[in-house]
Amino acid sequence: MSLRLGDIAPDFIARTSAGVIRFHEYLGDSWGVLFSHPADYTPVCTTELGRTASLKAEFERRNVKVLALSVDNLERHAGWIQDINETQNTEVNFPIIADDDRTIADRYDMIHPNASETATVRSLFIIGPDKKIKLQITYPASTGRNFVEVLRVIDSLQLTAQHSVATPADWKQGEDVIVVPAVSTEDALKKFPKGVKVVKPYLRYTPQPS
Ligand code: BEZ
(Lines give C-alpha, C1' and ligand atoms only; values in the text may rest on other atoms or scores of the structure.)
Protein backbone atom coordinates (compact mmCIF):
# COMPACT_ATOMS: atom_id res chain seq x y z
CA MET A 1 0.00 0.00 0.00
CA SER A 2 1.30 3.44 -0.78
CA LEU A 3 2.42 5.79 1.95
CA ARG A 4 0.37 8.74 3.07
CA LEU A 5 0.95 11.89 5.09
CA GLY A 6 1.06 11.09 8.79
CA ASP A 7 2.28 7.51 8.23
CA ILE A 8 5.51 6.46 9.91
CA ALA A 9 8.26 6.53 7.28
CA PRO A 10 9.30 2.87 6.95
CA ASP A 11 12.60 2.09 8.61
CA PHE A 12 15.33 0.34 6.60
CA ILE A 13 18.98 -0.59 6.58
CA ALA A 14 20.78 0.61 3.48
CA ARG A 15 24.21 0.58 1.90
CA THR A 16 25.07 4.14 1.04
CA SER A 17 27.98 6.16 -0.27
CA ALA A 18 28.66 7.05 3.39
CA GLY A 19 28.50 3.49 4.76
CA VAL A 20 25.66 1.38 6.11
CA ILE A 21 22.79 3.43 7.52
CA ARG A 22 19.88 2.44 9.72
CA PHE A 23 17.37 5.04 8.62
CA HIS A 24 15.53 5.89 11.86
CA GLU A 25 18.71 5.72 13.90
CA TYR A 26 20.46 7.95 11.36
CA LEU A 27 17.69 10.55 11.57
CA GLY A 28 17.75 10.59 15.36
CA ASP A 29 15.95 13.75 16.51
CA SER A 30 16.47 15.50 13.18
CA TRP A 31 14.07 16.17 10.38
CA GLY A 32 14.76 14.17 7.21
CA VAL A 33 14.56 14.55 3.46
CA LEU A 34 14.58 11.29 1.49
CA PHE A 35 14.52 11.71 -2.26
CA SER A 36 14.90 9.47 -5.27
CA HIS A 37 16.26 10.21 -8.71
CA PRO A 38 15.93 8.08 -11.83
CA ALA A 39 19.55 7.02 -12.32
CA ASP A 40 23.21 7.84 -11.83
CA TYR A 41 25.05 9.60 -14.66
CA THR A 42 21.99 11.49 -15.88
CA PRO A 43 22.00 15.24 -16.43
CA VAL A 44 19.05 16.52 -14.40
CA CYS A 45 19.97 14.33 -11.43
CA THR A 46 23.53 15.62 -11.56
CA THR A 47 22.29 19.18 -11.13
CA GLU A 48 19.86 18.20 -8.36
CA LEU A 49 22.46 16.45 -6.24
CA GLY A 50 24.93 19.28 -6.79
CA ARG A 51 22.31 21.80 -5.70
CA THR A 52 21.48 19.74 -2.62
CA ALA A 53 25.15 19.61 -1.66
CA SER A 54 25.50 23.36 -2.06
CA LEU A 55 22.56 23.87 0.34
CA LYS A 56 24.30 21.92 3.14
CA ALA A 57 24.33 24.91 5.50
CA GLU A 58 20.62 25.61 4.89
CA PHE A 59 19.67 22.03 5.71
CA GLU A 60 21.91 21.99 8.78
CA ARG A 61 20.45 25.27 10.05
CA ARG A 62 17.04 23.63 9.97
CA ASN A 63 18.28 20.42 11.62
CA VAL A 64 17.55 18.36 8.50
CA LYS A 65 19.45 15.27 7.35
CA VAL A 66 19.30 14.54 3.63
CA LEU A 67 19.43 11.12 1.96
CA ALA A 68 19.30 10.50 -1.79
CA LEU A 69 18.45 7.19 -3.44
CA SER A 70 18.78 5.55 -6.80
CA VAL A 71 18.56 1.98 -7.99
CA ASP A 72 22.24 1.96 -8.91
CA ASN A 73 25.08 0.29 -7.05
CA LEU A 74 27.74 1.78 -4.80
CA GLU A 75 30.47 1.56 -7.41
CA ARG A 76 28.46 3.65 -9.86
CA HIS A 77 27.59 6.12 -7.10
CA ALA A 78 31.29 6.59 -6.32
CA GLY A 79 32.21 7.46 -9.89
CA TRP A 80 29.18 9.68 -10.37
CA ILE A 81 29.85 11.62 -7.15
CA GLN A 82 33.22 12.61 -8.62
CA ASP A 83 31.42 13.92 -11.71
CA ILE A 84 28.90 15.85 -9.59
CA ASN A 85 31.67 17.46 -7.56
CA GLU A 86 33.56 18.37 -10.71
CA THR A 87 30.68 19.71 -12.79
CA GLN A 88 28.58 21.34 -10.07
CA ASN A 89 31.56 22.84 -8.24
CA THR A 90 30.58 21.28 -4.93
CA GLU A 91 31.30 18.39 -2.59
CA VAL A 92 28.54 15.79 -2.20
CA ASN A 93 28.18 15.75 1.56
CA PHE A 94 25.14 13.52 2.14
CA PRO A 95 24.62 9.77 1.69
CA ILE A 96 23.33 8.33 -1.56
CA ILE A 97 21.57 4.99 -1.05
CA ALA A 98 22.52 2.13 -3.37
CA ASP A 99 19.11 0.52 -3.80
CA ASP A 100 20.08 -1.77 -6.66
CA ASP A 101 17.63 -4.46 -5.51
CA ARG A 102 14.86 -1.79 -5.29
CA THR A 103 13.75 -2.83 -1.80
CA ILE A 104 13.49 0.73 -0.52
CA ALA A 105 12.17 2.14 -3.79
CA ASP A 106 9.35 -0.42 -3.71
CA ARG A 107 8.55 0.21 -0.04
CA TYR A 108 8.32 3.95 -0.70
CA ASP A 109 6.44 3.47 -4.00
CA MET A 110 9.14 5.33 -5.91
CA ILE A 111 8.75 3.26 -9.08
CA HIS A 112 5.71 4.21 -11.12
CA PRO A 113 5.56 1.51 -13.80
CA ASN A 114 3.51 3.57 -16.24
CA ALA A 115 6.26 6.19 -16.20
CA SER A 116 9.16 3.72 -16.18
CA GLU A 117 9.33 0.01 -15.38
CA THR A 118 12.82 0.24 -13.98
CA ALA A 119 13.77 3.76 -12.87
CA THR A 120 12.52 5.64 -9.84
CA VAL A 121 10.56 8.82 -10.39
CA ARG A 122 11.60 11.95 -8.50
CA SER A 123 9.91 11.24 -5.17
CA LEU A 124 10.67 13.42 -2.18
CA PHE A 125 9.60 12.85 1.41
CA ILE A 126 9.99 15.25 4.30
CA ILE A 127 9.99 13.37 7.59
CA GLY A 128 9.53 14.91 11.03
CA PRO A 129 11.49 14.10 14.19
CA ASP A 130 8.55 11.84 15.11
CA LYS A 131 9.43 9.82 11.94
CA LYS A 132 6.08 10.68 10.37
CA ILE A 133 5.79 11.69 6.73
CA LYS A 134 4.98 15.42 6.61
CA LEU A 135 5.13 15.94 2.86
CA GLN A 136 5.55 13.93 -0.29
CA ILE A 137 5.94 15.28 -3.78
CA THR A 138 6.52 13.48 -7.04
CA TYR A 139 8.14 15.02 -10.09
CA PRO A 140 8.67 13.42 -13.47
CA ALA A 141 12.16 12.43 -14.54
CA SER A 142 12.43 15.36 -16.93
CA THR A 143 11.82 18.09 -14.33
CA GLY A 144 14.45 18.96 -11.76
CA ARG A 145 13.06 19.84 -8.34
CA ASN A 146 13.02 23.32 -6.83
CA PHE A 147 15.08 23.04 -3.65
CA VAL A 148 14.17 26.55 -2.56
CA GLU A 149 10.61 25.23 -2.37
CA VAL A 150 11.77 22.23 -0.35
CA LEU A 151 13.41 24.55 2.19
CA ARG A 152 10.32 26.78 2.20
CA VAL A 153 8.10 23.81 3.07
CA ILE A 154 10.47 22.75 5.83
CA ASP A 155 10.27 26.28 7.27
CA SER A 156 6.49 26.14 7.13
CA LEU A 157 6.34 22.68 8.75
CA GLN A 158 8.70 23.74 11.52
CA LEU A 159 6.67 26.89 12.23
CA THR A 160 3.52 24.80 12.45
CA ALA A 161 5.22 22.36 14.80
CA GLN A 162 6.48 25.11 17.08
CA HIS A 163 3.78 27.79 17.02
CA SER A 164 0.34 26.47 15.87
CA VAL A 165 0.41 28.58 12.72
CA ALA A 166 -0.08 27.75 9.06
CA THR A 167 1.41 29.56 6.07
CA PRO A 168 -0.58 31.12 3.22
CA ALA A 169 -0.10 30.68 -0.51
CA ASP A 170 3.37 31.64 -1.71
CA TRP A 171 4.46 32.47 1.85
CA LYS A 172 8.12 33.26 2.35
CA GLN A 173 10.27 33.66 5.48
CA GLY A 174 9.38 36.84 7.36
CA GLU A 175 5.88 37.24 5.96
CA ASP A 176 2.69 37.10 8.03
CA VAL A 177 1.37 33.64 8.90
CA ILE A 178 -2.12 32.28 9.55
CA VAL A 179 -3.55 31.36 12.95
CA VAL A 180 -4.75 27.75 12.71
CA PRO A 181 -8.53 27.21 13.06
CA ALA A 182 -8.02 25.15 16.25
CA VAL A 183 -6.92 28.30 18.13
CA SER A 184 -9.72 30.72 19.12
CA THR A 185 -9.21 34.42 18.47
CA GLU A 186 -9.25 35.02 22.22
CA ASP A 187 -6.41 32.53 22.73
CA ALA A 188 -4.59 33.79 19.64
CA LEU A 189 -4.44 37.31 21.11
CA LYS A 190 -2.71 35.88 24.19
CA LYS A 191 -0.48 33.50 22.23
CA PHE A 192 0.74 35.97 19.61
CA PRO A 193 1.83 39.19 21.33
CA LYS A 194 2.77 40.80 18.00
CA GLY A 195 -0.98 41.02 17.27
CA VAL A 196 -3.69 39.25 15.31
CA LYS A 197 -5.42 40.72 12.26
CA VAL A 198 -8.92 39.25 11.86
CA VAL A 199 -10.00 39.47 8.20
CA LYS A 200 -12.80 36.92 8.68
CA PRO A 201 -13.43 34.81 11.77
CA TYR A 202 -11.70 31.94 9.94
CA LEU A 203 -8.94 34.03 8.30
CA ARG A 204 -6.60 35.52 10.88
CA TYR A 205 -3.03 36.66 10.35
CA THR A 206 -0.19 37.27 12.77
CA PRO A 207 3.40 38.33 12.16
CA GLN A 208 5.72 35.36 11.84
CA PRO A 209 6.71 34.19 15.33
CA SER A 210 10.48 34.01 15.67
C1 BEZ B 1 17.87 13.10 -15.93
O2 BEZ B 1 18.01 12.84 -14.75
O3 BEZ B 1 18.59 13.90 -16.49
C4 BEZ B 1 16.80 12.44 -16.72
C5 BEZ B 1 16.44 11.14 -16.42
C6 BEZ B 1 15.44 10.54 -17.17
C7 BEZ B 1 14.82 11.25 -18.19
C8 BEZ B 1 15.17 12.56 -18.45
C9 BEZ B 1 16.17 13.15 -17.71
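Rounded to the nearest Å, what's the spacing between the alpha carbon centres of the range 127-191 and the range 65-81? Just the number, please.
First find each Cα centre; the distance between them is then 29 Å.
So, counting K/R as plus one and D/E as minus one, what does the shell of residues with Cβ under 13 Å around residue 42 add up to?
Within the 13 Å Cβ shell, the charges total -2.
log₁₀ I(q)/I(0) of the range 87-207 at q = 0.15, 0.18 Å⁻¹, via Debye over equal Cα point scatterers, no solvent, to two decimals?
Each listed q corresponds, in turn, to -0.84, -1.02.
Using a 10 Å cut-off on Cβ atoms, rank the peptides 170-178, 83-91 from the highest mean neighbour count down.
Final packing ranking: 83-91, 170-178.
Let me have the relative contact order for the range 66-189, percent, based on Cα pairs under 8 Å that are six or more residues apart.
14
Based on the alpha-carbon gyration tensor of the range 56-127 and its eigenvalue square roots a ≥ b ≥ c, which shape applies: rounded if a/c is under 1.5, prolate if not and a/b is larger than b/c, or oblate?
oblate
Of the heavy-atom accessible surface of the chain (probe 1.4 angstrom), what whole percent is carbon and sulfur?
Carbon and sulfur together cover 51 percent of it.
What is the ratio of the Cα radius of gyration of the range 3-89 to 2.2 N^0.38 Å, where N is its residue count, to two decimals?
Rg over 2.2 N^0.38 Å, computed on Cα atoms: 1.13.
Tally Lys and Arg at +1 and Asp and Glu at -1 over the other residues with C-beta under 14 Å from the C-beta of residue 121: what net charge comes out?
-2
Suppose every Lys and Arg Cβ carries +1 and every Asp and Glu Cβ carries -1, with no other charges. What dipole size does the chain come out with about its Cα centre, to the nearest 20 debye?
About 1000 debye.
How big is the accessible area of residue 184 in square angstrom, nearest 10, if you roll a 1.4 angstrom probe over the protein chains?
The accessible area of residue 184 comes to roughly 50 Å².
Not counting ligands, DNA or RNA, and with a 1.4 Å probe, what is residue 62's accessible surface area in Å² rounded to the nearest 10?
About 30 Å², ignoring ligands and nucleic acids.
Rounding to the nearest 20 debye, state how big the charge dipole of the range 123-203 is about its Cα centre with +1 on each Lys and Arg Cβ and -1 on each Asp and Glu Cβ.
Dipole magnitude for the range 123-203 comes out near 100 debye.
Can you sort 117, 58 by 1.4 Å-probe accessible area, starting with the largest?
Descending accessible area places them as 117, 58.
Let me check against my output: what whole-number percent is the relative contact order of the range 61-127, with C-alpha pairs under 8 Å and at least 6 apart?
Normalised by residue count, the contact order of the range 61-127 is 33 percent.
Any idea what the dipole of the range 1-76 comes to, in debye rounded to 20, about its Cα centre with Lys/Arg Cβ at +1 and Asp/Glu Cβ at -1?
Magnitude of the dipole: close to 140 debye.
Rounded to the nearest whole Å², what accessible area per residue is found for the chain with the 1.4 Å probe? Don't skip to the end; give the middle numbers.
Numbers: 10800 Å² over 210 residues.
Per residue, the chain has an accessible area of 51 Å².
Antiparallel versus total DSSP beta bridges in the range 34-160: what percent is that, nearest 5?
55
For the peptides 69-81, 34-46, 196-208, what is the packing order when you average, over each peptide's residues, the other Cβ atoms within 10 Å and list the highest mean first? Numbers along the way, then the final one.
Numbers: 69-81: 18.0, 34-46: 19.7, 196-208: 14.2.
Taking the mean over residues of other Cβ atoms within 10 Å, the ranking is 34-46, 69-81, 196-208.
The values are calculated or read from the model by the stated rules, or taken from the named source; none is laboratory data. The structure displayed is predicted, hence computed values, not measured ones. Note that each Cβ is placed from the backbone with ideal geometry, even for glycine, and that neighbours are counted across all protein chains shown. For the accessible areas, the whole protein counts, side chains as well, though only heavy atoms, and no ligand, DNA or RNA atoms are used. Shrake-Rupley method; radii C 1.70, N 1.55, O 1.52, S 1.80 Å.
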